There are 4 protein chains.
Amino acid sequence: MARIAKSDRENTLQQTRQRLLESAAVEFSAHGYTEANINTISLAAGFSKGTIYNYFPSKQALMLALIAGVGKLHVEMISAAVRAEEEVTARLRCFYKTGFQFVEAYPVQARFLLTALNSPDMTHQQAMGEIYQPMMDLVEQDILAFGMAQGIFRPMDLKTTTNLIMTLYLGTASRVDSQGKPLMNSAVVADFALQALLAEKRGEA
Amino acid sequence: MARIAKSDRENTLQQTRQRLLESAAVEFSAHGYTEANINTISLAAGFSKGTIYNYFPSKQALMLALIAGVGKLHVEMISAAVRAEEEVTARLRCFYKTGFQFVEAYPVQARFLLTALNSPDMTHQQAMGEIYQPMMDLVEQDILAFGMAQGIFRPMDLKTTTNLIMTLYLGTASRVDSQGKPLMNSAVVADFALQALLAEKRGEA
Amino acid sequence: MARIAKSDRENTLQQTRQRLLESAAVEFSAHGYTEANINTISLAAGFSKGTIYNYFPSKQALMLALIAGVGKLHVEMISAAVRAEEEVTARLRCFYKTGFQFVEAYPVQARFLLTALNSPDMTHQQAMGEIYQPMMDLVEQDILAFGMAQGIFRPMDLKTTTNLIMTLYLGTASRVDSQGKPLMNSAVVADFALQALLAEKRGEA
Amino acid sequence: MARIAKSDRENTLQQTRQRLLESAAVEFSAHGYTEANINTISLAAGFSKGTIYNYFPSKQALMLALIAGVGKLHVEMISAAVRAEEEVTARLRCFYKTGFQFVEAYPVQARFLLTALNSPDMTHQQAMGEIYQPMMDLVEQDILAFGMAQGIFRPMDLKTTTNLIMTLYLGTASRVDSQGKPLMNSAVVADFALQALLAEKRGEA
DNA sequence: GATGAATGAGTCTTCATTCAT
DNA sequence: AATGAATGAAGACTCATTCAT
């Protein structure tokens, strides 16, 4: 009983925290970190001004928690999908496809991540770097090194090419219409990348 | 005589304005628009805080003037170099090479442009879109359409491919070390893009 | 219980608001709207400078709230007293007497009202016009029209005469010594007005 | 020759000064002393910002000079007209009539005087008091005392009655339409005052 | 745990004034 | 005498944060 009661309480706490984080994502993505109003975030989540300080000690901490939460979701969604593919070109296609799906499924969070990515605050940059390291590793190891080892991709510098592949993703997935839907097609981006990566062109369109 | 005197005065005014703009570029690029302090900008330029308001009516106007100035420089530098090349693959290489040169020659301005590009303020976005239209046109017409017409580039959707080429530029040129020097080599980026664009692989490595 | 608690809280809020308004009346009456310092108003009320913005969204809103509050007090005090009199000459005497009493009882507020009355800001003028309409109506209907209907006052244009009666009040009641006490006697002003209004002079001194 | 040249120069100086004063009257009457912009005044007069400081050492000095200038004009215009009348009731009528004529002829200056009259700045008040002393004396001696000595006006306290007469003038002449034309008729005001002042009603309507 | 009144550091902006030309 | 760039004090307003209830 005590366990259940405690569990209930924890659930409530987690729900409140979650609502605050979602509200923060909306506000941060709409106005950027500095222009975002922490009072508005708390009020928009249905609480009063002070409540958010019971969950996050500062605006900065809230930002970092949100980066961690959204980044983790993003990374895990893509990693899981990519690793489920056996074939390396399928993995690359899957990388872009799932990445675009993330943007479509979580438009606010996706926009928030871009905000964080371009924040002038080094703390945000650093947090982004850390949380996205697994995705960099995924591209580098499970796609690029994997493909090169099989002779499917031509030999290229791993770090550099990883940056190019990531750049294509971030640059294209961030172009969305007013409803947050990506303007570009993930398949087109994947084709472009594959053209650049494949050892030979046969069999690719 | 009067003309010379007047010219001198105008020169001084232009110099003051230029110093203020440079100081603004430093401040905006370091802290972003909102966190930038307009008083600091004026003081860092060697004037008292009120002076900047003799040249720009508001922080917003200063930002827009800077976007226009730096953007123009950026666009013109690249356009001039690219159009000087006859051959289409040389044009593409030149596009990336000159773009990276701009970043190296004007690190502060380059960082500022990224700030503006990712500003949550729609006014800044719009100003960026307008000032960069000529560069988009350059890539679309003088490089991509030009190369496709000659059969050197494979047929692709112009708008989409333009975005991909631009994305590669912006994404890679923005990665710089602490001295503002690009981490990547423009030739590598150009090669990557060419692999993706060329109709056949012969002659490209 | 909850009701009492709530009531207590509301009382505190109202008291704070009232203190701020009183402080504002002092500052506005002493220096005029533009020269009044809103930070000083808040500090003089015993709060820090930001507090006043929890109650009034802007200096202008504070001014308008004060006009409304003080104007209402002024109008109601005079209206109540005048309407309690049956006889028309008594009403006119009462009008001036109560008016002067207001100035004596609320010297700061009275001086503030003059400030507002002569403000170059049309918004203030308009607010004054609206809040004082009932007092104009009182003079016009309950005094002048009333007295003319009885043949006690000679026939005159109502609007014009109302303005004359009001002018005499505002012009004389605003002359005060350094303690805010009126320099003139309300009875003298009332006599002067009655001489001008009465159909015949008999019985008036 | 030297004399003429000097005279010419003085004329030019006087003209410049006059243009600045007229411009100041416009600005002060429109926005009040504090909100008036001294730079705007100089620019509106057709000079550059700094010029006005060659004529008036400060905004305050400009204000005082304008009070003196306009007040003198006002006082002299009324005094001259009133003293030209022999008969005391004619003098009173003339006082209001000429006063209203001043408002009509110099609407900007008239509005400025009201601004000054209600300024919270004691310096302005004091300057107004000094410049208008002759007008107070005119009313007190050349109209009221004069009329009482002849038995035409009933005996009343001179100072008090002077204030009432002045109050009626200032309060009514300040009500103007958007073109600066008085809303009230000076004859009506004069009649009202005469009713209040005359020893007997015979012969007055 | 939730509340929201109070706080006060921080910032954009205005403008009277100075002074070198 | 006229100019206008530079100055810097001053003030309205915002908002992250605290804390008593």
Accessible area that becomes buried as B packs against A, both chains, 1.4 Å probe, Å², nearest 100: 2700 Å²
Nearest-ten-degree value, helix D:88-105 long axis tilted from longest Cα axis of chain D: 30 degrees
Nearest-20 debye value, chain A charge dipole, Cβ charges on Lys, Arg, Asp, Glu: 460 debye
Residues of segment D:59-205: accessible area per residue with a 1.4 Å probe, Å²: 42 Å²
Computed over segment D:108-189: relative contact order in percent, which uses C-alpha pairs under 8 Å that are six or more apart: 22 percent
By average C-beta atoms within 10 angstrom, highest first, the peptides B:68-78, D:127-137, A:174-184: B:68-78, D:127-137, A:174-184
Sequence-distant residues sharing a close amide H with residue C:153 (under 5 Å, placed H): C:148, C:199
Using a 7 Å Cα-to-Cβ projection, residue A:199 label spacings across copies, nm, ascending: 2.7, 12.1, 13.1
Expected-Rg normalisation [2.2 N^0.38 Å, Cα atoms] applied to segment A:88-178: 1.16
Pairwise Cα inverse-distance average, inverted: Kirkwood Rh of segment B:21-124 (Å): 14.7 Å
Over 31 Å between alpha carbons, listed pairs A:49/C:72; B:49/D:49; A:59/A:97; C:49/D:49; B:72/D:49: A:49/C:72; A:59/A:97; C:49/D:49; B:72/D:49
Average beta-carbon neighbours from other chains, 10 Å sphere, peptide C:186-198: 4
Value of relative contact order over chain D, rounded to a whole percent, pairs C-alpha under 8 Å and six or more apart: 20 percent
Dimensions in Å of the protein assembly as shown - Rg and Dmax from alpha carbons: 39.7, 126
Distant-in-sequence amide H partners of residue A:176 (H built 1.01 Å from N, under 5 Å): A:183
Cα gyration tensor shape of segment B:1-56, rounded if a/c is under 1.5, else prolate or oblate by comparing a/b with b/c: prolate
Copy-to-copy label separations for residue D:130, where each label sits 7 Å from Cα toward Cβ, in nm and ascending: 4.3, 5.6, 7.3
Degrees separating the helix A:2-35 axis from the principal Cα axis of chain A, which is the longest one: 70 degrees
Chain C, closest residue to the rotation axis toward A, by beta-carbon, whole angstrom: C:50, 4
For segment C:5-42, residues shielded by at least 50 square angstrom of accessible area compared with the chain on its own, probe 1.4 Å: C:34
Averaged over C:94-100, number of beta-carbon atoms from partner chains that fall within 10 Å: 0
Within the accessible area of the protein assembly as shown (1.4 Å probe), percent carbon and sulfur: 53 percent
Chain A - convex hull of alpha carbons, volume per residue in Å³: 136 Å³
Helix-only [θ]222 nm of the protein assembly as shown, DSSP H runs n ≥ 4, -39500 (n - 2.57) each, per residue, nearest 500: -23000 deg cm²/dmol
Sequence-separation-based contact order of segment B:1-56, relative, with Cα cut under 8 Å and 6+ spacing, percent: 26 percent
Estimated vicinal HN-Hα couplings, Hz - segment D:161-177 in sequence order (Karplus 6.51, -1.76, 1.60; Gly, Pro = x): 5, 4, 4, 5, 5, 5, 4, 4, 5, 5, x, 8, 5, 7, 8, 10, 7
Principal-axis tilt of helix A:59-83 within chain A, Cα atoms, nearest 10 degrees: 40 degrees
Inter-copy separations for residue C:104, label at 7 Å along Cα-Cβ, nm, ascending: 4.2, 8.3, 8.9
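The values are calculated or read from the model by the stated rules, or taken from the named source; none is laboratory data. Source: prediction; values computed, not measured. No Cβ is skipped: glycine too gets one built from the backbone with ideal geometry, and neighbour counts run over all protein chains shown. Only protein heavy atoms, including side chains, enter the accessible area calculation; ligands, DNA and RNA are left aside. Shrake-Rupley method; radii C 1.70, N 1.55, O 1.52, S 1.80 Å.
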